[in-house]
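Taking it in order: structure first as structure tokens, then the write-up.
The values are calculated or read from the model by the stated rules, or taken from the named source; none is laboratory data. Keep in mind the model is a prediction, meaning the values are calculated, not measured. Don't worry about glycine lacking a Cβ; one is built from the backbone with ideal geometry, like all the others, and counts go over all protein chains shown. Areas reflect the complete protein model, heavy atoms only, side chains present, ligands, DNA and RNA absent. Shrake-Rupley method; radii C 1.70, N 1.55, O 1.52, S 1.80 Å.
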Amino acid sequence: MTIDRIKLTVTVIMMLPLLALFAFQDTAVNGAPLEDAAAVYKAKCAMCHGQTAEKKFDATKSDEVLVEIVLKGKADAKPPMPGYEAKGMTADDAKALVAHMKSLRTPPAE
């Protein structure tokens, strides 16, 4: 084997784990599963919005407005809320997140 062939082989072997990460990735928003809005909320939202979405969340706004805020962010908020569309969140993910946040505000049925 020549040196060039050895270098190529080593490079390919080193790249395989990275390729596997991208090929089998089914996640959004820094690793939280797409279907798990509760985990996304806990990891990314609860620190500012509270455990029960009691802070800086107006549940009276329409779902469309809230989804837009989740996706695009809110620069005039204190602190500014980042937009999660640029981090891989889809509109469906944002709808699930908004629904989860609203469910946190709803008292449990007796």
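Return one quarter of the surface area of the convex hull spanned by the alpha-carbon atoms of the range 57-105, equal to its mean projected area, in nm².
Values: hull surface 13.3 nm².
Reported value for the Cα convex hull: 3.3 nm².
Listed by chain and number, the lysines whose alpha-carbon sits under 20 Å from that of Lys61, ignoring those within fewer than 8 places in the same chain, are Lys72, Lys74, Lys78, Lys95, Lys102. Each residue of the range 51-60 is assigned a 3J(HN,Hα), and the resulting list reads 5, 10, 6, 8, 10, 6, 9, 9, 5, 7 Hz, derived from the Karplus form 6.51 cos²θ - 1.76 cosθ + 1.60 (θ = phi - 60°), x at Gly and Pro.
What GluC sites (Glu not before Pro) in the range 47-80 are in a loop by DSSP, with at most 14 other Cβ atoms within 10 Å of the Cβ?
Working: sites: Glu54, Glu64, Glu68; in loops: Glu54.
Here the sparse-neighbourhood loop sites are Glu54.
Here Thr9 sits with roughly 60 square angstrom of accessible surface, probe radius 1.4 Å.
Among Lys55, Lys102, the sequence by solvent-accessible area, most first, with a 1.4 Å probe is Lys55, Lys102.
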